[in-house]
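A short reminder: the numbers here are calculations on the coordinates, not readings from a lab. Fair warning: this is a prediction, and the values are worked out from it, not measured in the lab. Note: ideal-geometry Cβ built from the backbone for every residue, glycine included; neighbour counts use all protein chains shown.
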Ligand SMILES: Cc1cc2nc3c(=O)[nH]c(=O)nc-3n(C[C@H](O)[C@H](O)[C@H](O)COP(=O)(O)O)c2cc1C
């Protein structure tokens, strides 16, 4: 097979690579996994994994949406780093305490800043996403000094499940409106809405996803590709 030059070759910046075979800067030729980012520095090529940060809109211990996030982590496997953001300690936003920001706010901001993609897993409360998620996003929407808010241009995916028939569709539409207003980069297709989750929960309350797993797998594939494309564009690739 003919080797193609990786688009990072000329730019010297980080990028994903659109071909399985690449030329490394030190003259070697090799295989590049599509879910890795090539880091080209000082003539070396090393592989850095994409970082996905999952943001769960429920603080409930046995949350079905948190379990959905954990299944997504399992499905993503070693194709990316996948971490669930812990945000229960983020205080209610009060502009009297906006600056300097409380420690939990600094922590979640840093986590979002360093992520390549945000994957929301949200329940639906009264046809909306939970207030705890709105509060978190409000904090993330604030600029820090001269830097733009950390959520700007961030690739985002949205999934959710409910015990009833509504499947978080209304909540997700509201979340899309908010994220779009904040200039985040939302992947609208596919979004994942799972109704009647109790039909896919075992006797110990564990989500098995016996019927819907394939949809979560499809969304994971699509989101990894979505994030990779954004990284490639940002680094001057096609
Ligand atoms: C205040 C409140 C409002 C709710 N409103 C809705 C709703 O509008 N639509 C729906 O499908 N489920 C609704 N539910 C049920 C939740 O979808 C259900 O409790 C779900 O399991 C919560 O997600 P979690 O398991 O991730 O915590 C509501 C629950 C609460 C506590």
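Fully extended, how many nm does the chain gain between residue 166 and residue 89 (0.36 nm per residue separation, minus their Cα-Cα distance)? Please report the intermediate quantities before stating the final value.
Working: separation 77, 0.36 × 77 = 27.72 nm, distance 2.89 nm.
Length gained, residue 166 through residue 89: 24.8 nm.
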(message) Compute and list, largest first, the equivalent-ellipsoid semi-axes of the range 51-219 from the alpha carbon gyration tensor, each √(5λ) rounded to a whole angstrom.
(response) 27, 16, 15
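For 118, 198, what ranking results if the residue with the fewest other Cβ atoms within 10 Å of its Cβ goes first?
On the way: 118 27, 198 12.
Fewest-to-most ranking of 118, 198: 198, 118.
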(request) Quote the FRET efficiency, to the nearest 0.05, computed for residue 147 versus residue 215 with a Förster distance R0 of 45 Å and r equal to the Cβ-Cβ distance. (result) 0.80
(request) Based on other C-beta atoms within 10 Å, arrange 170, 156, 233 from fewest to most. (result) 233, 170, 156
